[in-house]
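What follows is a short report on a single structure.
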Amino acid sequence: MSWASPINKSYFCLLRLNKNNDLDKLLLAILLLILSVISLFVGVKDVSFTDLTTLNDEAVMIMTISRIPRIIALLLAGIGLSVSGLIMQQIAQNKFVSPTTAGTLDAAKMGILMGVLYFSQIGLMGKMLLAFVFTFVANLFFLFMVKRVKVTNLVLIPILGIMFGNILNAISTFFAYKHNIVQNMQGWMMGDFSSVMQGRYEVIYLILPAVILTYVYANQFTVVGMGDSFSKNLGLNYATIVNIGLFCVSTTVSVVVITIGAIPFLGLVIPNVVSLIYGDNLRKTLPYTALYGAIFLVFCDILGRLIIFPFEIPIGMMIGVIGGIVFLGLLLKKNK
């Protein structure tokens, strides 16, 4: 038996695995395309393909002003929040950490609240910048707590993050109640795509550079997930890579919250499902995380529009119910 025989077998196995991965991505992309087309034609106002081909003025206006911006926002939010959850899990070295279980969403809402109360003239971009600052600082403080609290139980870290988020939410509620805008704050807490329209959603495109930056630093995030000491031994600047990751997460979360509202559990559920199927190599799983996140969000949005048609269930409620059930299942599985 030639020494080259095992190498040839390994090469062909790897080639077959790559082909299977490419096929998975292609099938997921096709599924996402189908769901996106279905989403374009679901709504109170009936729009047919014939109306578009004949350039019916009303149909074209509905598509360009409402339906197309909505599906773009859905895709970018699904991709961004899922990837953000993956980054946070790598940095915190905990599968149950996400924007929902680390106080990130609550920090973004606090930043928007402070912008509304004390900087009302700064506009949308200014409020988004405030949300970004609050989110970034909250993420740094959460990681500081994680490092200081030495625990071996994985479940305790997200519980710590949920408690931290509840404290931030309580502070925000106090200021909102004091200024009589509790109802406005409740609106930010429930993600809803029904208000996404042309001219009011374009800030969500800022998610794209954050996702691209994540892919560029994917290998470094994988190393960071192995710990501070391991990263330094490989010559990696641990603090810099962590800050880049938190920058991407903070940008994505602040943009989504100020445009759509809070969408819970998406960044928790999708990375865990992808990890169970494809493993933990971030560069390999990043495209799957993005595709699964977009598919899941578009599917839940379509479902929310059809269950009580012609009315609509907010996407935050749909994701909260489904994601909460999956999160509970993951907790129970880890505790067995």
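The values are calculated or read from the model by the stated rules, or taken from the named source; none is laboratory data. All values derive from a computational prediction rather than experimental measurement. Note: ideal-geometry Cβ built from the backbone for every residue, glycine included; neighbour counts use all protein chains shown.
Any residue in the stretch 63-90 that is over 27 Å from S275 (Cβ atoms) sitting within a Cβ distance under 6 Å of a residue that is buried (at least 24 other Cβ atoms within 10 Å of the Cβ)? List the pairs, counting only those 6 or more apart or interchain. From residues that are over 27 Å from S275 (Cβ atoms), the pairs are R70/F193.
Determine if the stretch 46-60 includes at least one residue that is of a type in the set (S, T, Y), modelled with pLDDT under 90 and within 30 Å of M145 (Cβ to Cβ).
Looking for residues that are of a type in the set (S, T, Y), modelled with pLDDT under 90 and within 30 Å of M145 (Cβ to Cβ), one finds none in the stretch 46-60, hence no.
Of all the residues in the stretch 224-261, those that are more than 16 Å from S84 (Cα to Cα) and surrounded by fewer than 19 Cβ atoms within 10 Å (Cβ to Cβ) number 14.
Only residues that are modelled with pLDDT under 75 and surrounded by 12 or more Cβ atoms within 10 Å (Cβ to Cβ): list them for the stretch 143-185, please.
V151, L154, V182, N184, M185
Name the residues in the stretch 41-62 that are without any contact (Cβ under 8 Å) to a residue 60 or more places away in the chain, within 25 Å of Y292 (Cα to Cα) and in contact with a Leu (Cβ under 9 Å, 6 or more places away or on another chain), would you? Hits for the stretch 41-62: nothing passes. Before we move on, is Q89 at positive phi and either in contact with a helix residue (DSSP H, G or I) (Cβ under 8 Å, 6 or more places away or on another chain) or modelled with pLDDT under 85 (or both)? Here the answer is no, as Q89 does not meet what is asked. Every condition in (1) within 15 Å of the chain's Cα centre (by Cα); (2) among the β-branched types (V, I, T); (3) more than 22 Å from F299 (Cβ to Cβ) holds for V253 except the one numbered (3).
Quickly run through the stretch 234-272 and pick out the residues that are at negative phi and free of Cβ contacts under 8 Å to residues at least 40 places away in the same chain. Once the filter is applied, which keeps residues that are at negative phi and free of Cβ contacts under 8 Å to residues at least 40 places away in the same chain, the stretch 234-272 yields L234, L236, N237, Y238, A239, T240, I241, N243, I244.
Filtering V257, V326 for residues that are within 18 Å of M190 (Cβ to Cβ), at pLDDT below 90 and part of a helix (DSSP H, G or I) leaves a single hit, V257. The set of residues in the stretch 117-128 being surrounded by 15 or more Cβ atoms within 10 Å (Cβ to Cβ) and not charged (D, E, K, R) consists of M128 alone.
Residue count for the stretch 274-301 under the criterion of being crowded, with 18+ Cβ neighbours inside 10 Å, among the aliphatic types (A, V, I, L, M) and either closer than 15 Å to L31 by Cα or over 14 Å from the mean Cα position of the chain (by Cα) (or both): the result is 7. So is V137 surrounded by fewer than 22 Cβ atoms within 10 Å (Cβ to Cβ), part of a loop (DSSP other than H, G, I, E, B), touching a residue at least 24 places away in the same chain (Cβ under 8 Å) and out of contact with any helix residue (DSSP H, G or I) (no Cβ under 7 Å at 6 or more places or on another chain) or not? No: the conditions fail for V137.
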